[in-house]
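*Asks:* Once you've had a glance at the structure underneath, I'll fire off some questions.
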Amino acid sequence: MDRRGQKIKFAAVAVLVVLALTGFSTSRGHGSRHSGGGGGGCSSSSQNHDSSSSSSGGSSGSTYHDYDDDDDYADDTYGDGGSSSTSTALRDATVELIDCATPSEAYATVEVTNPNATGGYFTVTVDFLDAASRRVEQRSTDEYVAGNDSTTVQVDLSSPGVATKVDHCEPEPYASVN
C-alpha cells in the first residue's frame with residue numbers, strides 16, 4: 001500500500017479510537033438517559049470508563065477490532081515489510097586469490113571472508129584470463145561461510161582442457177550474498 005493510503009488508514013483508525021475512548025457512539029439508543037433515543041452523543045455517566053472491552057462485565061457499545069494490526073502481523077510473518085522484522089541484511093564477503101588454474105589443476109583457489117556475525121551462502125566469481133587479459137571463461141560457485149570466518153573455495157573451470165589457455169585469474173573482490 002502506498003504512503004498516502006497508509007496515512008488515510010491511520011487517520012481513520014485514530015478517529016475511531018478517539019471516539020471509542022470518549023464514549024461517542026454511532027449506534028441508536030446508546031446513552032439512553034436522553035429522551036427520544038436519537039443515537040450518537042456522549043455516553044451515560046453510569047458507563048464504566050475504567051473497564052476494558054475484554055472484561056467479563058463488559059460495557060455496552062461496539063467492540064473495536066484493529067484490522068490494521070492483522071495486516072502488520074501478516075507483513076512481518078511473510079517478510080513483506082513491517083518495522084519489527086528480525087532479519088538483517090548481510091554484507092557481501094571479501095574474496096582474495098590464493099592460486100590460479102594451471103594445466104594440471106583446472107580450478108582457481110580463493111579465500112572468502114564473511115564479515116557478518118551470521119553465516120551465509122555467497123556467490124564467488126572468478127575471471128580466467130589469457131596472456132592478453134582476454135576472458136577465457138568466467139565461473140561462479142556458491143559457498144557457505146560461517147559468521148566472522150574465512151574459508152578456502154575452489155572455483156572449477158568447465159573442463160580440464162580450458163586450463164591450458166589460462167594465464168592468470170581475477171576474482172571479483174566481493175562475493176554477493178545469496
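The values are calculated or read from the model by the stated rules, or taken from the named source; none is laboratory data. Remember, it's a predicted structure, so these values are computed and weren't measured experimentally. Cβ placement follows ideal geometry from the backbone for every residue including glycine, while neighbour counts extend to all protein chains displayed. Please note that ligands, DNA and RNA were not included when accessible areas were found on the heavy atoms of the full protein model with its side chains. Shrake-Rupley method; radii C 1.70, N 1.55, O 1.52, S 1.80 Å.
*Asks:* What is the dipole size for the range 111-156, taken about its Cα centre, with +1 at each Lys and Arg Cβ and -1 at each Asp and Glu Cβ, in debye to the nearest 20?
*Replies:* Here the range 111-156 has a charge dipole of around 140 debye.
*Asks:* Give me the extension gain from residue 177 to residue 96: residue separation times 0.36 nm, minus the current Cα-Cα distance, reported in nm with one decimal.
*Replies:* 27.5 nm
*Asks:* Now, a different point. For the range 99-159, go through all pairs of different Cα atoms, get the mean of 1/r, take its inverse, and jot down that Kirkwood value in Å.
*Replies:* So the Kirkwood estimate lands at 12.4 Å.
*Asks:* In addition: Which percent of the accessible area of the range 96-170 is formed by carbon and sulfur heavy atoms (probe 1.4 angstrom)?
*Replies:* Here it works out to 41 percent.
*Asks:* Loop only per DSSP, at most 10 neighbouring Cβ atoms within 10 Å: give me the trypsin sites (Lys or Arg not before Pro) in the range 105-140, ordered by residue number.
*Replies:* Filter output for the range 105-140: 134.
*Asks:* Which cross-chain or sequence-distant (5 or more) residues have an amide H under 5 Å from the amide H of residue 137, H modelled 1.01 Å from N in plane?
*Replies:* Under 5 Å from the amide H of residue 137: 128.
*Asks:* Scan around residue 167 for amide H atoms under 5 Å from its own, H built in the peptide plane at 1.01 Å from N, and keep only partners 5 or more places away or cross-chain.
*Replies:* For residue 167, whose amide H was placed from the backbone, the distant partners under 5 Å are 129, 130, 131.
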